[in-house]
Amino acid sequence: MTSKEFNIRYNLSEINEKWFSADDGIKKEEIQVAGKPSTVAKDIFKRFFSSKTNIVFLLIVLTIILLSIIVPHVSRYHETEAISGSKTTDIKLLKPTWQGTQTNVLFLSPQEWNNGNNKFVTNPVSHEWIPSVGQWKIIVKNTSADGHNLILGTDSVGRDIWTRLWIGTAWSLKLAITAAVIETFIGVSIGVYIGFHIGKALDTIVMRFVEIFTSVPSLLWLILLTTIAGTGFGSILLALVIVGWAGPVWSARMFTIKVKDQDFILAAEATGVSKAGRIYKHILPNILGRLLVSFVLRIPSVIFFEVTLIFLGLSVGGAESATLGRLINLSRAYIFVQPFYILGPTIVILLLTVSLQILANGMRDAFDPKITG
C-alpha cells in the first residue's frame, strides 16, 4: 500500500500525512533492488568496452593479427620466390593490379635484355641507353601482371609484397609477444618479491646488479649477444629476454612498495595469510593493471629493436626471410619507384605502436578499481 492509498483509507489530512506517512523516513534513492553480485572480471570488461576508442583500436590490432595468420596460408605466392617462379626482370617492381595496366620502368644490362628470359621486354614502349650506368632504361606495360592479383605489387626480385608483408608481420609479432611474455614473467616475479622485502640484503644486491646491467645501453647488449649466439629466432629471443628482464623488475618493485603497507595487506597478514600469499595473491593482482601497460608497450619496442639490428647489418631471422625490419631496409632504395614497398611495413608498425599504446592505457584504467566510469 502506498502512502497516498493509506491516507485516503484512513481519511488523513495533508497535515496528518506529514506525520503518519507510510513511507516516513524512507527515501526512494535509498531503496536498492537485490540482484546478482558483480564480479571483478565483469567490471573490468565493462569499463574497458565502455570506451569506443578502446574498441576501435582493439579491432585494428585484431585485424593485423588475423591477416598475419590468414594471408600466408591462403596466398598463392611464395615468400622467397618471384611470382613467375623464376628470376626474370619483367615482374620486378610491378605496381598494384588495382592501378590498371600502367607502364613500368626497367633498368637492364645488354646481357639481361638478350638472355631469352625477358619475354615482355621484346616489345617495349620505349627504350634508352644510359651510358653513366651502362644499362638500358626500358619502359614496358605491366602485362606481366596478367593473371596475378597483386594488391601492393612486387618487390625488386619480383616477389609479392602483400604476402611478404604479412609473413614478416607474423614473424615479428611472434618474436615480440614471446619475448615480452618471458621477460615480463621473469622481471615481475623478481620485482614483486624484492619490493616486498625493500631494504633487505636481497633487495640491495638485486637492485645494484640491475643498475649495473642497465647502465650499458640495451642496443649494445643486443649487438654483443647476437654476435655471439647468432641471429636465428631462438638466438634473438634469448638476447631480447636477457636485455629486457630488468625493466619489469623496476616497475614491479616500485608498484609493490606503494601498496605493501596498505590496509588490505595488513588485514591479510592479521588473518594469517602467508608471505607468499600476500605477495602473489594480494599485491600482484592489485598492480596488474599498471604492469600490463609496460607489457603491452614492450611489443612494439621489440619490433623496433629488430628493425635497428637489421639496419646495422645483422641478418635477423636469416638472409632471405621476411621480417618487418628487413622489408623496410630493402625497400629504401625503391621508395620512389615502388612506394608501396616501404609503405606497407611502415604503416603496420605505426598502427601497432599507436594502437597498443592506447589499448595499454585503456587496460590500465579498466584494471584500476578506483575507475568507476
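Numbers at a glance
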{"item": "Extended-chain gain in nm, criterion 0.36 nm per residue less alpha-carbon gap, Leu288 and Ala229", "result": "17.9 nm"}
{"item": "Label-to-label distance, nm, for residues given as Lys258 and Val354 (7 Å Cα→Cβ offset)", "result": "2.8"}
{"item": "Subset of Lys42/Lys281; Lys52/Lys95; Lys46/Lys281; Lys200/Lys281; Lys200/Lys258; Lys258/Lys281 violating a 26 Å alpha-carbon distance limit", "result": "Lys52/Lys95"}
{"item": "Order of Asp261, Asp43 - criterion: other Cβ atoms within 10 Å of each residue's Cβ, fewest first", "result": "Asp261, Asp43"}
{"item": "Stretch gain in nm, segment Ala41-Glu269, where the contour uses 0.36 nm per residue and the Cα spacing is subtracted", "result": "79.6 nm"}
{"item": "Order of Val243, Val337 - criterion: other Cβ atoms within 10 Å of each residue's Cβ, fewest first", "result": "Val337, Val243"}
{"item": "Extension gain (nm, one decimal) between Glu211 and Val337, 0.36 nm per residue minus Cα-Cα", "result": "40.6 nm"}
{"item": "Ranked Val316, Val192, Val61, Val273, criterion: other C-beta atoms within 10 Å, fewest first", "result": "Val273, Val61, Val192, Val316"}
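Coordinate-derived values only; no laboratory data. The structure displayed is predicted, hence computed values, not measured ones. Glycine also receives a Cβ, built like all others from the backbone with ideal geometry; neighbour counts cover every protein chain displayed.
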